[in-house]
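A short write-up of the structure that comes next.
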Amino acid sequence: MTVPEKPYRSLTRDEIRALEAQGCAAEAWSNVLVAEGFDCSTVRDVRFCGRVELGRFTGVVEREGVSKPAGVYDACLVNCTVGDGSRIAHVGVHLANYVIGAGVCIEDAGRVQTRPGATFGNGVEVEALNEGGGREIVLFNELSSQFAHLICLHRFRPKLIERLQAIAEAEAGRVKADRGRIGDGVTIYSVGEILDVNIGGYATVHGSSSLVNGTILSSEDAPTLVGADVQCEDFIIAEGTKVTGGAVVSRSYIGQGCQIGRQYSVEGSVFFANCEGFHGEACSIFAGPYTVTHHKSTLLIAGLFSFYNAGSGTNQSNHMYKLGPVHEGKLERGVKTGSFSYMMWPCRVGPFSVVLGKHTRHFDTSLFPFSLIEATGSGRCSMIPGLNLSVVGTVRDGAKWPARDRRKGKVKRDRISFDVFSPLTVGRMIRASAKLKQLQETTDKSVDMVTINGAEVRRVILRSGQKFYRSGIHMYLLDKVVSRLEAGLDAGRSTGEALKVSPDAVYSEQWLDIGGQMMPADRLNALCDAVENGEICDLSGFDAELGRIEQAYEQDEWLWVSRAYEEVFGKGLDELGEADAGRVAELLLSVKTRFLNLILSDAEKEFGEVTRTGFGHDGTAADEAKDFEAVRGTYDGNKFVKQMREELEALGRRVERFRQTAGS
């Protein structure tokens, strides 16, 4: 916020007379102070109460191509500081207890006020995930998805929770003040009420109905928009976010780069980076990064989500008419729910699965990522393990999320791992494949259906599930090894040197997804231990350690890959010689070619005869294909298909390079 270069001074007698002649009045003119260069002509019809400090109002304030003179017009200022070059006009009730930056425009506002001891949404406790309480998240400005994940979900470590709550409360306490702040370049117009709200620089608040007890974080490189008919209470809205279209937000945190609007209702929830919520309703949810819901009649309640896409009419139930709404559900990263899907909590769904139908029974498919989960006619859960590994949508997901990161500011609080295939998902596939193999070997052939944690799997597809998983496991491990060998080749290193693991790497068989950041379990345990024993005692220390974990991701992943490779292929990477590099590359070519051809085959279905139904309307049969091509294009010309074919060609070139190297 701009600070005047010179101290404020008292008004001269001539200036007081001029201001009074222009309709101004003050409880005590001695409490009205101005900066050097103050021009009385820029202040008209203003009532001053308490101590008021006015900057230099020169030039114009321009917004959306319209220029108006800087100054203060038709307003009541109470205990305020107004920065240089600002415009305040037509404030119906008063503008009270605010420090206002430079170049601000506040026009056509009802009441803008800060009350003594305001905390601006900080310190509010949100009953996320479990509507019955017990997982409260304390809101503060710098809240990240990782911090929220631990304080919400790790209640089995009471000392950790105690320390995290202390950090959160300390952060919340920093902002407590008797005067609010409106940053440089802010635009506020046509608003009803702004009460106990801090507003960051270059934010726009227009047409909002009521904003009470909150913070709007904003910056010049990541401006925030709060728009028409919005109602917010007990809230924090982060940088670069848009809350518009009559949205209603209560006791909630809306993270960086989010979009909330079109009458969406948010209560007791936390939304982190790049989430989108339109039309529907969220109640007591933990929406990790990239949680998306666009449709009416979609209720997300008491659930954990991330990289999630909710189909229209998606719904959940968090109580069974016994002890109230105390049940919760967890959909791990990348899950999609089909139109009018329904789940009765508690349930847990493994990563990158698709859920269809109305489920009236509880199930846990967390061991089985990339599965198709469909409700039977009786509401039971039917699962096809690994089927989603062969569909177009899974491949597209991995590419679209980084490209859709709307966070523009210098600081990105949520640390996000975008990889679809990772030690987290591939580790699950290895364990899932072993489970399916064990069931296949021990289940009598007379049995039609086996049940795994509430999910029914047909015995005859136990083998195909292993095949799906084996393909994904091999492709990931081989691709990582070949990429490592290529990097070594470029650097002139031997195979042994290229495949060496870092002595600083940490190995855990189990990897975890902490608010969108993947890490070995031992890394997380070390972080939690450091918080519990006081080694990490503030937010900066917590964030710094997360940063170190993020930087160590590749070396930790490579250590995990080296161990998993030996487990899967029965041969350690330290046993690979120079001549083996070409063989590994050839194997990758074979496995990935089959995988990409499956994806291309799935994509080709989108151009089949059935999908042409309804095209060529009012035309002849010959016009159907022409109309379809004009609207949808051709299979060969499709951008995604081209990308997959280019990837196949690039893979062939990679393998050929190894062939040539081995032959030289």
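The values are calculated or read from the model by the stated rules, or taken from the named source; none is laboratory data. Here the structure is a predicted model, which is why all the values come from computation and not from measurement. As a convention, Cβ positions derive from the backbone with ideal geometry for all residues, glycine included, and neighbour counts pool all protein chains shown.
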Exercise. If you check H279 against the conditions, is it surrounded by fewer than 24 Cβ atoms within 10 Å (Cβ to Cβ) and modelled with pLDDT under 95?
Worked result: yes
Residue set E586, E578, E554, E550; condition free of Cβ contacts under 8 Å to residues at least 40 places away in the same chain and either in a helix (DSSP H, G or I) or among the charged types (D, E, K, R) (or both); output residue E554
Apart from one, (1) closer than 21 Å to I194 by Cα; (2) surrounded by fewer than 24 Cβ atoms within 10 Å (Cβ to Cβ); (3) among the charged types (D, E, K, R) all hold for K296; the odd one out is (1)
On the given criteria, is R251 in contact (Cβ under 8 Å) with a residue 40 or more places away in the chain, in contact with a strand residue (DSSP E or B) (Cβ under 6 Å, 6 or more places away or on another chain) and surrounded by fewer than 24 Cβ atoms within 10 Å (Cβ to Cβ)?
-> yes
Conditions (1) outside any helix (DSSP H, G or I); (2) at pLDDT 95 or above -> V3 fails only (2)
L527 passes all but one of the listed conditions (1) modelled with pLDDT of 95 or more; (2) more than 18 Å from W558 (Cα to Cα); (3) exposed (fewer than 15 other Cβ atoms within 10 Å of the Cβ); the exception is number (3)
| What do you reckon, is E328 more than 15 Å from the chain's Cα centre (by Cα) and either surrounded by 24 or more Cβ atoms within 10 Å (Cβ to Cβ) or of a type in the set (A, V, I, L, M) (or both)? | yes
Exception for A168 within (1) outside any helix (DSSP H, G or I); (2) in contact (Cβ under 8 Å) with a residue 12 or more places away in the chain; (3) not hydroxyl-bearing (S, T, Y) falls at (1)
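Hand me the list of strands (runs of 3 or more DSSP E) wholly inside region 180-235 holding 1 or more residues that are of a type in the set (A, V, I, L, M), modelled with pLDDT of 95 or more and farther than 20 Å from S269 by Cα.
180-182, 187-199, 204-206
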Condition set of a type in the set (V, I, T) and part of a strand (DSSP E or B), scope region 86-110, selection surrounded by the fewest Cβ atoms within 10 Å (Cβ to Cβ): answer is V93
Picking from A521, A544, the residue that is among the aliphatic types (A, V, I, L, M), out of contact with any helix residue (DSSP H, G or I) (no Cβ under 9 Å at 6 or more places or on another chain), within 30 Å of R413 (Cβ to Cβ) and in contact (Cβ under 8 Å) with a residue 12 or more places away in the chain would be A521
Could you go through region 506-524 and let me know if any residue there is part of a helix (DSSP H, G or I), buried (at least 17 other Cβ atoms within 10 Å of the Cβ) and at pLDDT 95 or above.
yes
Checked V411, V447, V420 against criteria (loosely packed, with under 15 Cβ neighbours inside 10 Å, in contact with a helix residue (DSSP H, G or I) (Cβ under 6 Å, 6 or more places away or on another chain) and in a loop (DSSP other than H, G, I, E, B)); the one match is V447
Those residues of region 265-276 which are crowded, with 24+ Cβ neighbours inside 10 Å, more than 11 Å from S145 (Cβ to Cβ) and free of Cβ contacts under 8 Å to residues at least 24 places away in the same chain amount to V266
Residue hits (region 617-629; under 24 Å from K639 (Cβ atoms) and either within 41 Å of the chain's Cα centre (by Cα) or exposed (fewer than 14 other Cβ atoms within 10 Å of the Cβ) (or both)) are A625, K626, D627, F628, E629
